[in-house]
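Take a look at the structure set out below.
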Amino acid sequence: MRASPKILMLAAGSLLMLSACRQDMHDQPRFKPLAKNDFFADMRSERPPVEDTVARGQLHDDTYFYTGKIGANPGDYMPFQVTEKDMERGRQRFNIYCAPCHSRTGDGNGMIVQRGFKQPPSYHVERLRKAPLGYFFDVMTSGFGSMPDYASQIPAGDRWRIVAYIRALQLSQNATQADAAGQKIPSETPKFREPGSGASLPVLDTKTVEESETAGPRK
């Protein structure tokens, strides 16, 4: 049975297309990284970067922002204006990376400490309440004692937001009546209309909360 001319033409076209599929781009001449190569005087195929080359995003020209230090000493100011959004981000990052050791209140009694890990100092001791902001940033960046550094896990901006949140924690745990603008220190325990279950959240007793707010601080 003879093939039709149309089928023969399609077969010939396919052969031409297949013959054009060469592997030059796959098997092109190239240097394998770290392989020996006598083209260069040092016999290395891997070339060192040009002197003073800085990778994209790694210029770090704002020294204080990336170190928390002024010269050799930690600074005591934030490198940017802190907003409510920054504080919320700092709280979130703190609870993820710091709370397992330091606890959510910063007293150093986090969950893994309760399971045997070395306890860090409380943020609320006088030494750390008086520590400059740059100190906390430097510890997060470089590590300290049994605490590893978190520079690779937490970007510099988020480290500063955590610093701001740590300072807020310190202030909240050592607030006075004057700091709270007349509110009770410590605040009253909330009352619940429904305690909630494992599958549902508790429901606040809003009537009690409203009465407490309208009553104002006790004399």
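The values are calculated or read from the model by the stated rules, or taken from the named source; none is laboratory data. Since the structure is predicted, the reported quantities are computational estimates derived from the model, not experimental observations. Cβ: placed from backbone, ideal geometry, glycine included. Neighbour counts: every protein chain shown. Remember, those area values only see protein heavy atoms, side chains included, never the ligands or the DNA or RNA. Shrake-Rupley method; radii C 1.70, N 1.55, O 1.52, S 1.80 Å.
Return yes when Gly108 is out of contact with any strand residue (DSSP E or B) (no Cβ under 6 Å at 6 or more places or on another chain) and free of Cβ contacts under 8 Å to residues at least 12 places away in the same chain and no when it is not. For Gly108, the condition - out of contact with any strand residue (DSSP E or B) (no Cβ under 6 Å at 6 or more places or on another chain) and free of Cβ contacts under 8 Å to residues at least 12 places away in the same chain - is not met.
Of all the numbered requirements in (1) over 26 Å from Gly57 (Cα atoms); (2) at pLDDT 95 or above; (3) assigned to a loop (DSSP other than H, G, I, E, B), Phe117 misses one, and that requirement is (2). Does Glu84 satisfy being over 20 Å from Ser142 (Cβ atoms) and surrounded by 12 or more Cβ atoms within 10 Å (Cβ to Cβ)? Against the criterion (over 20 Å from Ser142 (Cβ atoms) and surrounded by 12 or more Cβ atoms within 10 Å (Cβ to Cβ)), Glu84 does not qualify.
Quick grid of which residues meet (1) under 20 Å from the mean Cα position of the chain (by Cα); (2) surrounded by 14 or more Cβ atoms within 10 Å (Cβ to Cβ); (3) of a type in the set (D, E, K, R); (4) under 25 Å from Pro79 (Cβ atoms):
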| position | (1), (2), (3), (4) |
| --- | --- |
| Arg115 | no, no, yes, no |
| Gln119 | no, yes, no, no |
| Pro132 | no, yes, no, yes |
| Met140 | yes, yes, no, yes |
| Gly143 | yes, no, no, yes |
| Ala151 | yes, yes, no, yes |
| Ile162 | yes, yes, no, yes |
| Arg167 | yes, yes, yes, yes |
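When the range 57-89 is examined, which residues are found to be in a loop (DSSP other than H, G, I, E, B), without any contact (Cβ under 8 Å) to a residue 60 or more places away in the chain and either of a type in the set (Asp, Glu) or touching a Gly at 6+ places or on another chain (Cβ under 7 Å) (or both)? Across the range 57-89, the qualifying residues are Asp61, Asp62, Gly75, Asp76. Give me the pairs: first residue in the range 130-141 and touching a residue at least 12 places away in the same chain (Cβ under 8 Å), second residue in a helix (DSSP H, G or I) and open to solvent by 30 Å² or more (accessible area, probe 1.4 Å), beta-carbon distance under 9 Å, and six or more apart or on different chains, which are they? Close Cβ pairs (under 9 Å, with a partner that is in a helix (DSSP H, G or I) and open to solvent by 30 Å² or more (accessible area, probe 1.4 Å)) amount to Leu133/Arg167; Gly134/Thr67; Phe136/Arg167; Phe137/Thr67; Asp138/Thr67; Met140/Tyr97; Thr141/Tyr66; Thr141/Thr67.
Which of the residues spanning the range 90-110 are in a helix (DSSP H, G or I) and buried (at least 18 other Cβ atoms within 10 Å of the Cβ)? Steps first, please.
Pass one, the range 90-110, residues in a helix (DSSP H, G or I): 90-97, 99-102.
Scanning the range 90-110 gives Gly90, Arg91, Arg93, Phe94, Cys101, His102.
Considering the range 139-176, the residues that are in a loop (DSSP other than H, G, I, E, B) and aliphatic (A, V, I, L, M) include one that is farthest from Gln119 (Cα to Cα), namely Ala175. Listed conditions (1) of a type outside the set (Phe, Trp, Tyr); (2) part of a loop (DSSP other than H, G, I, E, B); (3) over 30 Å from Gly57 (Cα atoms) are all met by Leu128, apart from (2).
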